[in-house]
Each structure stands twice: as structure tokens, then as C-alpha cells.
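Trainee: Have a look at the structure that comes next, please.
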Amino acid sequence: KKKIAVMTSGGDSPGMNASVRAVVRAGIYYGCDVYAVYEGYKGLLEGGSLLKKMEWSDVRGYLSEGGTLIGTARCMEFRERWGRKQAAKNLITEGIDALVVCGGDGSLTGADLFRHEWPSLLEELVSDKVFTEQDIEPYKHLNIVGLVGSIDNDMSGTDSTIGAFSALERIIEMVDYIDETAKSHSRAFVVEVMGRHCGWLALMAGIATGADYIFIPERAPKCGEWQKELKEVCQRHRDKGRRNNTVIVAEGAIDDQLNPITSENVKDVLVEMGLDTRVTILGHVQRGGTAVAHDRWLGTMQGVEAVKAILEMTPETPSPLIGIRENKIITMPLVESVKLTKEVASSIDNKDFDKAISLRDSEFIE
Ligand code: F6P
């Protein structure tokens, strides 16, 4: 009987629970035993009660709950080889050789490395006399499947990551509230949103709320010149009768010399214009709360697809990443997608902003 483990890793995102529920139930439906790894990679390392066999009813109610009910953690030990060896030992002890990881690019890269090292980790466990050759015989290959759970929508090759639309919904609700008080006082507001290396949340929120100006890392304005343009745009809108100004700043915003553009920098410019200005940093409000329909659907469809991918995998199949493109659930090689995502970040670092945008939007090339 195939034994599959499912875990969530890195920052939580709404919809992760839907994907865990789908892996558990699809796994059981296809005749597998399914385990939940609690607390992310920490659970793999510690094993024991953090590796729990799941029943159909264990995930009842998961669709409408925010965060990740099986927990997540940023685990430094898993970055070390001894940590991964410990994780391999725990998985084999439970008889598990397939793992579905729902997380961001860092968590997925870690998972793929684990898969590559698996045969040598097993050899070491045999030479350490933890297992015999016979013990490890049925577990020669580790199957890994990745699902992207991230509110930032920061993975190349997939149109949306699990949680991004929920965070966006939360942001625009908050900006609507802010706009009401801003209009009452004729104020300007700088709203800082999450998105470490990716401006998707800021851009989409800006469009959805009709913000005056948006700062995102992928479209870095000219150093020393953006201040003038910001003032002109805000003034033009005031002249047309707008009673408030809203500027959305992605937390990773920079200028074309890679200087950070912080919400305080932006506020100072608006204050220079004589505007009564406040800053609101939305913070983790964006990550909490229940998932919108899109993320529940996405987590569910991708969770089912992950189980199917495991059942169809051969030792030669590269670790797949389940994504969505043009409204279709798709499968692509995990390493390629992560590589493309890293190239976007490095083109931003090399001030090649056009390349960053085209890579982010690029069709995935297999
Ligand atoms: O990766 C998602 C994200 O929300 C980023 O936008 C943000 O920088 C980060 O997580 C903050 O995470 P934490 O506070 O959990 O370290």
C-alpha cells in the first residue's frame, strides 16, 4: 500500500488547508495511506507524534479555515545534511516514500534536494546500521510533488499561487476602509503591502482600488526622479476633485539604483506637497483569514493532481510542481520553475527590469 505524507512549509497561506484536505482524501480514495507532517520540516526531523496517519474525517471543516491547521515552521536543521538524514530515517520508519510539499520556492527547493540526496542518505543509514539493506529495499526512491502556497504570487510558470487571491481580497477590503477615512479628512495614505520580491499584490490591489500610484520591485522608478512624478500625479488627481490620495508600496519596492523605497520615504514626499499623510502597514492581516473561493478550488484541484502525479511517477520522472495556466491545472518540472523564479529575482538585482517582467509572464518552456 502506497504511503504518502503531506506537509505545509514556509509562510502560511489561505488555501493550504484545502490542499491538505484534498491530498488526504484523494490519497484515501485511491487506496493509499496518508500521513500529515505537522510543523513543516520540523515534523519530518522529529517524527513521532508529528507524523500522523490521517483519516477521511480528520480533515473535515478544513476548507473554511485560514492559515495551515497542520502547522508550519522555518526549520534551519533541514538545511543541514544531518537534518535531512534524520528526516529520511523517520519517513522510512513509517514506511513513507512519497511527499507532497505545499510551500514557497525555498521550501520546494529543499524538497527537491532531499529527493536527490535520498539514495545516498539511505546508504549512510545502512552503513550507520540504522537499517539493513533489506529494510531499505522497498524505499529506493523518494517521490516529491510540489504545490505552491504563497500569498505573494511569486512563482514563475504558474498563473496563481495558493493564497494570493485571498490576500489580495483582504488588502482591497482594507484599502476601501482606509479610503473612507482618508476622504473624510482629505488625507493621503501610504499603504504598504507584502511581496518580498514580487509586486503582484501591490499592482493588483492598486488596480482594484484605483490607487494614485504604485511602487513595485519589477518596475523600479528612476532614482531621484520618482518624487517629482509622484507629486504631479497626486496633484493632478486632487485638481480633478479627488479628496484623498492612496499610494500602494510593495514591501520590496526599490528604485533603479536598487535603493529601497519605503513607505516612510513616500510619506515624506507627500508631506512636502502639504498633504496630511498617514502610513498603514497592513502586515500579517494579509495572510490570515479564510481562503476565497479561488484558493479553495485551487488547493483542492492541485491536491488531487498531486496524488495522481505520485501514483504515475517512475524513478526517472523529475519532481513535478503542480500549477495553473489559463485555467487549467498543469504539471511542470519543479526545478525548472524554481530556476526561472530565481532568474526573475536576479534580473531585478541586475536592473534588467524588462527581463524580469518577461520572465515572470513567460510561458513555461519545458
Ligand atoms: O512569503 C510571504 C510573505 O508574506 C512575504 O511577503 C513577507 O515578506 C514574509 O512572508 C513575511 O513572513 P514572516 O513574517 O512569516 O517571516
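Trainee: If I compute solvent accessible area with a 1.4 Å probe over the protein chains, what percent of it on region 126-231 is carbon and sulfur?
Mentor: Carbon-and-sulfur percentage of accessible area, whole number: 51.
Trainee: May I ask you to compute the full-extension gain from GLU312 to ASP33, defined as 0.36 nm times their residue separation minus their alpha-carbon distance, rounded to one decimal in nm?
Mentor: Difference between extended and current length: 98.8 nm.
Trainee: I've got another one for you. With every protein chain kept in place and ligands, DNA and RNA left out, what is the accessible area per residue of region 208-313? Probe 1.4 Å, answer in Å².
Mentor: Each residue of region 208-313 exposes 47 Å² on average to a 1.4 Å probe.
Trainee: Mind checking which lysines have their C-alpha under 18 Å from LYS140, skipping anything on the same chain fewer than 8 residues away?
Mentor: LYS1, LYS2, LYS3, LYS85, LYS89, LYS129
Trainee: With θ taken as phi - 60° and the coefficients 6.51, -1.76 and 1.60, list the Karplus ³J(HN,Hα) couplings across region 298-310 in order, rounded to whole Hz; mark glycine and proline as x.
Mentor: With coefficients 6.51, -1.76 and 1.60, one gets 4, x, 5, 4, 6, x, 5, 4, 4, 5, 4, 4, 4 Hz.
Trainee: Further question on the same structure: Antiparallel DSSP bridges in the chain: what percent, to the nearest 5?
Mentor: 25 percent
Trainee: Which whole-Hz ³J(HN,Hα) couplings does region 344-353 yield from phi under the Karplus relation 6.51 cos²θ - 1.76 cosθ + 1.60, θ = phi - 60°, glycine and proline marked x?
Mentor: 4, 4, 6, 5, 5, 4, 8, 6, 9, 5
Trainee: For the chain, take the longest principal axis of its alpha carbons; what is the angle in degrees between that and the long axis of helix 164-185, to the nearest 10 within 0 to 90?
Mentor: 20 degrees
Trainee: Amide H neighbours of LEU321 under 5 Å, counting only residues 5+ apart in sequence or on other chains, H built in-plane at 1.01 Å?
Mentor: Amide H neighbours of LEU321, under 5 Å, 5+ apart: GLY146, MET332, LEU334.
Trainee: With a 10 Å radius around each residue's Cβ, average the other Cβ atoms per peptide and rank 205-211, 73-79, 88-94, 187-193, highest first.
Mentor: Per-residue mean Cβ counts within 10 Å order the peptides as 187-193, 88-94, 205-211, 73-79.
Trainee: So, one more: For region 287-308 and region 53-99, what is the separation of their C-alpha centers, rounded to whole Å?
Mentor: 18 Å
Trainee: On to the next question. In Å², what does the accessible area per residue of region 89-172 work out to with a 1.4 Å probe?
Mentor: 34 Å²
Trainee: Can you pull the percent of region 240-350's accessible area that's carbon plus sulfur, 1.4 Å probe, other chains left in place?
Mentor: Result for region 240-350: 53 percent of the exposed heavy-atom area is carbon or sulfur.
Trainee: Can you check how the C-alpha radius of gyration of region 1-109 compares to 2.2 N^0.38 Å, as a plain ratio?
Mentor: 0.99
Trainee: How would you rank 224-237, 241-254, highest first, on the average number of other Cβ atoms within 10 Å across their residues?
Mentor: Top to bottom by mean Cβ count within 10 Å: 241-254, 224-237.
Trainee: Now for a different question. Rank these by accessible area, largest first, 1.4 Å probe: TRP297, TRP56, TRP118.
Mentor: Accessible-area ranking of TRP297, TRP56, TRP118, largest first: TRP56, TRP297, TRP118.
Trainee: How large is the dipole of region 244-303 about the Cα centre if only Lys and Arg carry +1 and Asp and Glu carry -1, each at its Cβ, rounded to the nearest 20 debye?
Mentor: 420 debye
Trainee: Let me ask something additional. How much net charge surrounds ASP239 when only the other residues with a Cβ under 15 Å from the Cβ of ASP239 are counted, with Lys and Arg +1 and Asp and Glu -1?
Mentor: +4
Trainee: Leaving ligands, DNA and RNA out of it, rank ASP154, ASP352 by accessible area with a 1.4 Å probe, largest first.
Mentor: ASP352, ASP154
Trainee: Okay, moving on. Sort the following peptides by mean Cβ neighbour count (other Cβ atoms within 10 Å, averaged over residues), highest first: 174-180, 304-310.
Mentor: For the peptides 174-180, 304-310, the packing ranking is 304-310, 174-180.
Trainee: Net charge near GLU133: determine it from the other residues with C-beta under 14 Å of the C-beta of GLU133, scoring Lys and Arg +1 and Asp and Glu -1.
Mentor: Local net charge: -3.
Trainee: What 222 nm value per residue comes from the helices of the chain, counting each DSSP H run with n ≥ 4 as -39,500 (n - 2.57) and dividing by all residues, nearest 500 deg cm²/dmol?
Mentor: It comes out at -14000 deg cm²/dmol, rounded to the nearest 500.
Trainee: Apply the Karplus parameterisation 6.51 cos²θ - 1.76 cosθ + 1.60, with θ equal to phi minus 60°, to every residue of region 271-287 and state each ³J(HN,Hα) to the nearest whole Hz, in sequence, with x for glycine and proline.
Mentor: Here the 3J(HN,Hα) series is 5, 4, 6, x, 8, 6, 10, 10, 10, 10, 9, 5, x, 6, 3, 5, 8 Hz.
Trainee: Within a Cβ distance under 11 Å of TRP56, other residues only, what is the Lys/Arg minus Asp/Glu net charge?
Mentor: Once positives and negatives cancel, what remains is +1.
Trainee: Continuing with this model, one more query. In whole percent, how big is the carbon plus sulfur part of the accessible area of region 47-89, probe 1.4 Å, protein atoms only?
Mentor: Ligands and nucleic acids excluded, carbon and sulfur give 50 percent.
Trainee: Then there is this: Return one number: the angle in degrees, 0 to 90 and rounded to the nearest 10, between the long axis of the Cα atoms of helix 16-29 and the longest principal axis of the Cα atoms of the chain.
Mentor: 30 degrees
Trainee: Residues of region 47-62 with the amide nitrogen closer than 16 Å to a label point 7 Å from the Cα of ASP128, along Cα-to-Cβ, please.
Mentor: Residues 47-48 qualify, since their backbone N sits under 16 Å from the label point.
Trainee: For the chain, what relative contact order do you get, as a whole percent, if you take Cα pairs closer than 8 Å and at least 6 residues apart?
Mentor: 22 percent
Trainee: Any idea what the alpha-carbon Rg over 2.2 N^0.38 Å comes to for the chain?
Mentor: That works out to 1.10 for the chain.
The values are calculated or read from the model by the stated rules, or taken from the named source; none is laboratory data. The structure displayed is predicted, hence computed values, not measured ones. Methodologically, a virtual Cβ is constructed for each residue, glycine included, from the backbone with ideal geometry; neighbour enumeration extends over all protein chains shown. With ligands, DNA and RNA removed, areas are computed over all heavy atoms of the protein, side chains included. Shrake-Rupley method; radii C 1.70, N 1.55, O 1.52, S 1.80 Å.
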